[in-house]
Amino acid sequence: MQTKQTINIIGATGNMGSAISQNLSKGNYRLLLYARDQEKIEPIVNEIKNANPAADVEAIDSNYNGCWEADIIIVAVPYGAQNEVAEKIREVANQKIVISIANPLNETHTGLATAPDTSAAEELQKLLPNSKVIKAFNTTFAADFSMPVIDGKQVDAFIAGNDAEALQTVSELVSTVGFNPIIAGDLTVSRTLENMQLLLIQLGMKYNYNWLAGWKILHN
Ligand SMILES: NC(=O)c1ccc[n+]([C@@H]2O[C@H](COP(=O)([O-])OP(=O)(O)OC[C@H]3O[C@@H](n4cnc5c(N)ncnc54)[C@H](OP(=O)(O)O)[C@@H]3O)[C@@H](O)[C@H]2O)c1
């Protein structure tokens, strides 16, 4: 049997952090849920345990300790908080997989806050040079997590990164969450993935486009 991996979810009280935690709790993982406000995290832990009494999940009150214990770290905070979080976890995130889910939208959602020759994921990699940063989940909406299957097909979830083993590990994690993992390329492909989600959000705002469905590439 595969060794149980420990995952620290930073921002576990947010829309994405709580949705990822809920779906991951069905897998063979130990989950450490971190949020700045401990009062908000306990109800999420209780909800997960009520839905799945076998879930291995607990609240953790120190981001540093959570990352120290973790094999995988999911940074589920707004792009604006990325620098602050990276600063706190840098020394305990060494050699670990760190998942960037951020869409660095500007305030008006008319563009990205990042320069065209980079992405939120690449910026995180610069902040955590000894970690294996992988882009995942940025093209799936929080609302998709309760129903990751549309018309009988799983919603696609694109992954990008530079480390082959880490990409494989994150593919398995994405699959456990319920999506169809597609390895899209190296970490620079995060630029495209972040722009894809910007487009989906803009189409939703302009045409009430059915963005809740997420992306679906046609395949057998
Ligand atoms: N919402 C979506 O459908 C969606 C889809 C794809 C990707 N994303 C990306 O996912 C990330 C989270 O989005 P969200 O919608 O889940 O946001 P959210 O609901 O606002 O949640 C943000 C979480 O980050 C925490 N946080 C904020 N600043 C922090 C800091 N400085 N240090 C530690 N924790 C901090 C918040 O905790 P507090 O309660 O303590 O503030 C909260 O738990 C963003 O990067 C977003 O671009 C979102």
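If you check Tyr64, Tyr34, Tyr29 for being out of contact with any His (no Cβ under 7 Å at 6 or more places or on another chain), touching a residue at least 40 places away in the same chain (Cβ under 8 Å) and not charged (D, E, K, R), only one passes: Tyr29. Where residues in the range 12-32 are within 15 Å of the ligand (Cβ to nearest atom) and part of a loop (DSSP other than H, G, I, E, B), which of them is surrounded by the most Cβ atoms within 10 Å (Cβ to Cβ)? The residue in question is Ala12. With respect to the conditions (1) under 18 Å from Pro78 (Cα atoms); (2) of a type in the set (Asp, Glu); (3) in contact with a Lys or Arg (Cβ under 8 Å, 6 or more places away or on another chain), Glu107 lacks only one, and its number is (3).
For the range 45-56, state whether one or more residues are within 26 Å of Leu105 (Cα to Cα) and at pLDDT 95 or above. No: the range 45-56 contains no residue that is within 26 Å of Leu105 (Cα to Cα) and at pLDDT 95 or above.
Within the range 46-81, the residues that satisfy the criterion of being in contact with a strand residue (DSSP E or B) (Cβ under 7 Å, 6 or more places away or on another chain) and either part of a helix (DSSP H, G or I) or not aliphatic (A, V, I, L, M) (or both) are Ile48, Lys49, Asp56, Glu58, Asn63, Gly66, Cys67, Glu69, Asp71. Within the range 133-158, the only residue that satisfies the criterion of being of a type in the set (Val, Ile, Thr), within 21 Å of Gly11 (Cα to Cα), within 13 Å of the ligand (Cβ to nearest atom) and in contact with a helix residue (DSSP H, G or I) (Cβ under 8 Å, 6 or more places away or on another chain) is Thr139.
Only one of the numbered conditions (1) within 8 Å of the ligand (Cβ to nearest atom); (2) more than 12 Å from the chain's Cα centre (by Cα) is violated by Ile44, and that is (1).
The values are calculated or read from the model by the stated rules, or taken from the named source; none is laboratory data. In this text the structure is predicted, and so the values were computed from the model without any measurement. Every residue, glycine as well, gets a Cβ built from its backbone with ideal geometry; the counts of neighbours run over all protein chains shown.
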